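Input: a single structure, listed below in structure tokens.
Where a number appears in this text, it was derived from the coordinates with a stated rule and is not lab data. All values reported here derive from a predicted model rather than from experimental measurement. Neighbour counts run over all protein chains shown; Cβ positions are idealised from the backbone, glycine included.
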Amino acid sequence: MRRGLSNLGAATLRQIEELGRMIRFGGRIVMAAGRPPFRWRSFMAAVYDSGLLSVALICAAGLTVGFVLGLQLYNTLVRFGAEDSLGTAVGLSLIRELGPVLTGLLVTGRAGSAITAEIGAMRTGQQLDGLRMMAIDPIHFVVMPRAMAVFFVLPLLSALFVALGIFGAYLMGVEVLGLDGGTYLASLEAAVEFDTDVLQSLVKSVVFGVLLALIATWRGYSCEPHSAGVSRATTSTVVTASIAILLADYLLTALWSL
Amino acid sequence: MTKVSRESGHVEARGVALAFGRRQIFRGLDCRFAEGRISVLMGGSGTGKSTLLRMIGGLQVPDEGSLQVAGQELVGLDEAQLKAVRGRLGMLFQNGALLDSMSVFENVALPLREHTHLSETEIAERVHGRLSAVGLSDIDELLPGELSGGMLRRAALARAIVMEPEILLCDEPFSGLDPPNVSRIEALLTHLNRDRGLTVIITSHHMATSLRMAHRILLLRNLGCVDGSPAQLASSRDSAIREFLGQDGAEYLAHHGHELEGAEG
Ligand SMILES: Nc1ncnc2c1ncn2[C@@H]1O[C@H](COP(=O)(O)OP(=O)(O)O)[C@@H](O)[C@H]1O
Ligand SMILES: [Mg+2]
């Protein structure tokens, strides 16, 4: 029992140390971003990889979630004779919660894992050490552009997700279930406010972007230099970033409603 | 332990100890790599040859001891300070360590783009010069993944010398090369050493080549190192050393034994 406790203590301590190292690493990324030259070419390539290639996934997911929301919320609202507020219900849940959270989770699986695997493979193949020996800082050259790209694309993808979701629910509610299109849009417009809903959505997706960028690049950068290490790091990115995003979502929502 | 030498040390390790977990790699390692010389680092696999090169490059920090590289103590430097030292080093990694996502040309051009203001034409000229020196042509646009092991290693060597370093560290430059290319790389390294005064430190299992080109051989064993000229080691009274050098050592001695002239102190 006591041994179990002391093992637990040691494990917690290790986790805290790891967290400290990760935060210091984040500091180095920020410093690197401020140190010219900015790596535009690598940044654009990473925006393409993490952002543009995720567009189809985000569109498909947004649309599908929109269909489901339209159907579920309609079925609930109609019981109270409140189906006219479908626009409100769909809009608020997508903008405040589902857009940023689901985008964060999807981009974690699609792009976060890829970033970890790529940086991990570069570490394993001594490419990062090779850069250091050429007096090139791998954080500036490899890590920073990828981290900045995730940070940059996540809010955009989240907005795309929300737009497609609202469109999907419109298709379901108006075209399939026969609601009036004008009513749907009016109830959406009346309910959504910039400084509560849209801002909250934006803050969330920015925070998720920071978390994912940091976790994905750190896991790759610090992975054990062999293929099993890379695969462990990749899994760990998906698990850690997903949990971090869900936890941050809860905290931000709670803070917002204070 | 260390013999007094008149050569000024360009790279020197003193009292270096290093362990990975419970596995001790070095303890009390003293060795020097003389300026403007070709030194070959030998030893069975897993004795720490690559690790010693990494320490000289500042990539691996020893647990104890000091490492002087080009007059600069490495131990205790931070990454920014190491940059200045690394600017004077070139390193060929065992696996090449070229960047996967860039073409061969861009890989070799990278240090020039990062650290010089050369024009595109000058960069192309230098890169092609280095690539042809290692016997590669018409592979500018290929990705490292499309090269054979030997070509990869040679492209990486081109990258390591493109900035004209003062000290060149090469981890197994000959392994995986066919005989003509072994000769070519041997000639290139010898030429760079003789004409430019480049300090060359290589690890190698190619006994005949090593004996031929080395000014000094350092043999890693028992967590430390024994060093001497090729002739000194080939005629060593220590049977383990003679055994390590094998047939090539004996043949070398037969041809070069006269160079000894009681040099051993
Ligand atoms: N980063 C590391 N972590 C743990 N062990 C290592 C590491 N690097 C090297 N080793 C171990 O150190 C020993 C020496 O390795 P290395 O220098 O690559 O040997 P050599 O190049 O002489 O074959 C090996 O046993 C290797 O397993
Ligand atoms: Mg080795």
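Side notes on the structure shown:
- Ordering of B:142-149, A:107-114, A:94-101, B:127-134 by packing is A:94-101, A:107-114, B:127-134, B:142-149, highest average first (other Cβ atoms within 10 Å, averaged per residue).
- Gain upon complete extension [A:Met31, A:Thr12; 0.36 nm per residue less C-alpha separation]: 4.0 nm
- When all alpha carbon pairs of chain A are counted in 10 Å bins from zero, the resulting P(r) reads 7, 26, 29, 19, 12, 5, 1 %.
- In whole percents, the pair-distance distribution calculated for the protein assembly as shown from its alpha-carbon pairs, binned every 10 Å from zero, is 4, 15, 22, 19, 15, 11, 7, 4, 2, 1, 0.
- Per-residue ellipticity at 222 nm from helix content only, as computed over chain B with -39500 (n - 2.57) for each DSSP H run of at least four residues, stands at -12000 deg cm²/dmol.
- Helices meeting the span-like rule in chain A (full DSSP H runs, Cα extent of at least 20 Å along the helix axis, mean Kyte-Doolittle score of -0.5 or higher): A:2-34, A:55-79, A:144-170, A:199-221, A:227-256.
- Surface/4 of the Cα convex hull for region A:126-222, nm²: 8.5
- Stokes-Einstein D for chain B, Kirkwood Rh over Cα pairs, 4 °C, 1.567 mPa s (µm²/s): 67
- For region A:2-81, the fraction of C-alpha pairs farther apart than 14 angstrom is 80 percent.
- Local net charge near A:Gly99, Cβ-Cβ under 15 Å (Lys/Arg +1, Asp/Glu -1): -1
- Summed residue charge, Cβ within 14 Å of A:Val192's Cβ, Lys/Arg positive, Asp/Glu negative: -4
- The Cα trace of region B:170-263 gives Rg and Dmax of 13.5, 37 Å, the first to one decimal, the second as a whole number.
- Per-q log10 I(q)/I(0), region A:207-258, q = 0.19 Å⁻¹ (Debye; single scatterer per alpha-carbon; no solvent): -0.62
- Annotation: region B:85-210 has a Kirkwood hydrodynamic radius of 14.5 angstrom, from the mean reciprocal C-alpha pair distance.
- Relative to the compact-globule estimate of 2.2 N^0.38 Å, the Cα radius of gyration of region B:22-68 comes out at 1.18.
- Between helix B:179-196 and chain B: long-axis angle, C-alpha atoms, 0 to 90°, nearest 10: 90
- Counting only alpha carbon atoms, the long axis of helix B:149-161 and the longest principal axis of chain B meet at about 90°.
- Shape index of region B:91-164: Rg/Rh, with Rg the Cα radius of gyration and Rh the Kirkwood radius from the inverse mean 1/r over Cα pairs, equals 0.92.
- Region A:39-256: relative contact order in percent, alpha carbon pairs under 8 Å with at least 6 residues between: 37
- Overall, the anisotropy analysis places region A:2-154 in the oblate class: the square-rooted eigenvalues a ≥ b ≥ c of its C-alpha gyration tensor yield a/c not less than 1.5, with a/b not exceeding b/c.
- Taking every DSSP helix (H) stretch of at least 4 residues in chain A, weighting each as -39,500 (n - 2.57) and dividing the sum by the residue count yields a mean residue ellipticity at 222 nm of -25500 deg cm²/dmol.
- If you run the Gaussian network model on chain B, springs between alpha carbon atoms under 10 Å, then out of B:Thr121, B:Thr209, B:Thr199 the most flexible one is B:Thr121.
- Taking the DSSP beta bridges with both ends in chain B, the antiparallel portion is around 55 percent.
- Inter-part distance, region B:92-162 to region A:224-258, computed on C-alpha centroids, equals 38 Å.
- DSSP beta bridges fully contained in the protein assembly as shown are about 55 percent antiparallel.
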